[in-house]
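Working notes, beginning with the structure itself.
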Amino acid sequence: MPIQPRRRLTLTLSLVLIGAALAMPAAGADLLAGAKARGTLKIAMEGTYPPFNFKDLKTNQLAGYDVDVATVLAARMGLKPEFITTEWSAILAGLAAGKFDVVVSQVGINPKREQTFDFSEPYTYSNPQLIVRKNEKASYAALADLKGKKLGVGQGSVYEQQAKAVPGIDVRSYPAAPETLQDLAFGRIDAALNDSLMVAYLLNHSRLPIQAGARVGNVERMGIPVRKGNPELKAALNKALAAARADGSLKTISLKWFGSDVSRPAAQP
């Protein structure tokens, strides 16, 4: 008996769906399996955050501490790094939506983020630090001193959260650090808050009339977030980090970009 057209269409669709299902990792499969099947680790980063991750104008390629760390970790996992640049304000949402496997872009580890993501062991330790204009006469020794002032921060960053927790500060959020610092130099904001490691780098490479201000918070731990339910990927990242720390690779990368080993707390040798 010949197959009726409607039954034939249903059968065709079924075969297509079965084929697609066979081509995809099983539901609930760890992301590490998908990465190994592709041969690449999809790594998101901001790409506008020197010295951590930025576009090198001479080579037109991504460069920075995060890029070097991610490249070493991917290699130790037997994968090639596949970098995806994304605005900071959307980067964690993109991770949650499955647009990439991990984020290597100085993501601070805190309880709120740990509710949504699992984190690798920290690979960077730093402090929040203020940035002010060179001709600034006011003294800001703490965030509380900025009440009634305009403070620039990265949109969606831990620094934005810290600033908004202090009543009275006019917090201005920016999608990228260069825009924040330009507005600071032009007097549109009174100070900026960012990573102390980035501040030190910028003071050596920027021609803007800015200078380092006070360190205003506790040591921040930066790790690599992954979506929950991927213990094999998290374990692979931690194994690669431990190996890179043990053989001195992380220290070498740190010395290259900062002149000190920022992959360990300052109190440790």
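Structure values in brief
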item	result
Phi-based couplings in Hz for the range 166-174 (Karplus 6.51, -1.76, 1.60; Gly and Pro marked x)	9, x, x, 8, 7, 7, 10, 9, 10
Length added when fully stretched, E232-K149, from 0.36 nm per residue minus Cα-Cα	25.2 nm
Estimated 222 nm signal from helices in the chain, with DSSP H stretches of n ≥ 4 weighted -39500 (n - 2.57), rounded to 500	-11500 deg cm²/dmol
Heavy-atom accessible area per residue - the range 48-202, 1.4 Å, Å²	43 Å²
Greater than 22 Å apart at Cα, pairs in K164/K234; K42/K239; K112/K164; K58/K239; K112/K149	K164/K234; K58/K239; K112/K149
Solvent-accessible area, 1.4 Å probe, carbon plus sulfur percent, for the chain	55 percent
Cα-based shape type of the chain, given that a ≥ b ≥ c are square roots of the gyration tensor eigenvalues and the cut on a/c is 1.5	prolate
Tail weight of P(r) past 21 Å, computed on alpha-carbon pairs of the range 35-176, percent	51 percent
Rg followed by Dmax, in Å, when the range 23-111 is reduced to its Cα trace	13.6, 44
Tilt relative to the chain, helix 249-258 - C-alpha long axis, 0 to 90 degrees, to 10	40 degrees
Separation in nanometres of the label points that stand 7 Å from Cα toward Cβ, at K134 and L255	3.2 nm
Amide H within-cut-off set for F83, under 5 Å, with H built and near neighbours excluded	I43
In sequence order, calculated HN-Hα J values of the range 69-74 (Karplus, 6.51, -1.76, 1.60; Hz; x Gly/Pro)	4, 4, 5, 5, 5, 4
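The values are calculated or read from the model by the stated rules, or taken from the named source; none is laboratory data. In this text the structure is predicted, and so the values were computed from the model without any measurement. A quick note on method: Cβ atoms are made from the backbone with ideal geometry, for glycine too, and the neighbour counts reach across all protein chains shown. Accessible surface is based on the protein model in full, side chains and every heavy atom, while ligands, DNA and RNA are left aside. Shrake-Rupley method; radii C 1.70, N 1.55, O 1.52, S 1.80 Å.
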